[in-house]
Structures are given as C-alpha cells and as structure tokens.
Amino acid sequence: DDRDASSTYYINFDGWNEPNPPYLIVNYEYLTPVELTSFSASEKNGSAILNWITASETNNQGFEIERALLAATPGQEWEKIGFVPGFGTTTEPKNYSYSDNNLNAGIYTYRLKQIDFDGTVSYSSEIEVVVAGPTEFALYQNYPNPFNPSTTIKFALPKSTNLELSVYNSLGEKVAEVFKGELDEGYHEIVFN
C-alpha cells in the first residue's frame, strides 16, 4: 500500500448538475499497527537469536515466531515455535528478542507474524540463519546453578558419539548416571533432577 500515513483525498461527484462540480474532502488515516524498524538474527552455540525493534505499536497483541527448515520456497510450510507479547499501544521504541535453542546444523528461515487484538495479522520479511555444527566436544556451565531440584546440562558433540554423562561430588564419588547411549552430532541439553 503506497498511501501516506495521513492524506487528503478528493472525490468527484459525476453527474452533478452544476458547471463546476463540488468536491468532498475526506481525511483518511492509514495506521500501521506496528512499525517494525529492524529484524535480525545471529547464531550462537546452536541457537538462533532473533532481535527486532518497533518504532511504534497500535493494538499489538504480540508476535508469533515462525520457522521453516532450509531456505523458504513458495508454498513452504511454516511452524509456530514461540510467542512474544507486544506492548499494546505505544509511541516509544520497543526491543524484542527470542532464542530458538538446540538446533541441528542447517539453514533456518524465520519470520514474525504480528497479531493485533482484533485478530488482524501481518508478516515481517524473512531472514535466514546458518547454524554450523559444533567443531569440538564441549560441556557448558549448567543452569540454573546453584539448583534445586533440577538443573540443565548443555553439551556439544562434533560427531555422533556413544556417551556416558555422570555427575560426581566434590570428593570424586559418582553420584548419578544422567545419560548413557548414542547421541547425534549437535548441541544437546539434558535435565538432571
């Protein structure tokens, strides 16, 4: 739509019996519910980090985050992977972020589905993120730490591996075997309760 945000339009009444037909002045406001100023993505340790900024919002319920594996093609199926609430109506810039975690190596395409309170939707442009697989074995800091009653252990495998993941106390005694088996290449998380 190439209309200005606030414009004056003139309507000519055909068939008017005057030599100079009158014009009716109509003030038309075309409100963009959400003015998206940026939408970007980056990859970090097997996660796609999406960031976007709005300049203003009108009746914004929020954003559904949609993902497609590999480059999107016509008729591509999109999958809803999350929702971030909006700020309703505001004239102040707002920053948003969403993390899509534990991705396998590949190319991922994302878009935002902005939803108004009345159910009207609009879509952002599409962006791609290349997720490279891990290049070395890695064990990351568990979170939360300290924990009660459970914690998440994240690790990276550069190739398919037969793995045993165990927890030891400060005396070097085995407390629990958390996982034992084959896992594919990639970033993994296991919850220890």
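The values are calculated or read from the model by the stated rules, or taken from the named source; none is laboratory data. What you are looking at is a predicted structure, and each value in this text was computed from that prediction instead of being measured. Note that we place each Cβ from the backbone using ideal geometry, even for glycine, and neighbour counts take in every protein chain shown. With ligands, DNA and RNA removed, areas are computed over all heavy atoms of the protein, side chains included. Shrake-Rupley method; radii C 1.70, N 1.55, O 1.52, S 1.80 Å.
Placing a label point 7 Å from the Cα of PHE192 along the Cα-to-Cβ direction, the residues of region 119-144 whose backbone N falls under 13 Å from that point are 139-144. Within the shell defined by Cβ-Cβ distances under 14 Å, the residues around LYS174 carry a net charge of -2, with Lys and Arg each +1 and Asp and Glu each -1. This model, with +1 at the C-beta of Lys and Arg and -1 at the C-beta of Asp and Glu, gives region 35-193 a dipole about its Cα centre of some 280 debye. The accessible-area ordering, largest first, of the residues SER170, SER56 stands as SER170, SER56, per a 1.4 angstrom probe.
Ranking VAL84, VAL191 from most to least accessible surface, computed with a 1.4 Å probe over the protein chains only, gives VAL191, VAL84.
Straight distance only, please: which lysines reach the Cα of LYS94 with their own Cα at less than 21 Å, same-chain residues fewer than 8 apart left out? Qualifying lysines at Cα under 21 Å: LYS113. Using only side-chain charges placed at the Cβ, +1 for Lys and Arg and -1 for Asp and Glu, the dipole size of region 135-183 relative to its Cα centre rounds to 80 debye. A simple rule links phi to the HN-Hα coupling: the Karplus curve 6.51 cos²θ - 1.76 cosθ + 1.60 with θ = phi - 60°, which for region 135-141 gives 9, 8, 5, 8, 10, 9, 4 Hz, with x for Gly and Pro. Solvent exposure of region 42-193, expressed per residue, is 58 Å² of accessible area, with all protein chains present and a 1.4 angstrom probe. In a DSSP loop and with at most 12 other Cβ atoms within 10 Å, the GluC sites (Glu not before Pro) in region 32-130 are GLU77.
Computed on protein heavy atoms with a 1.4 Å probe, the accessible areas place TYR140, TYR187, TYR110 in the order TYR140, TYR187, TYR110, largest first.
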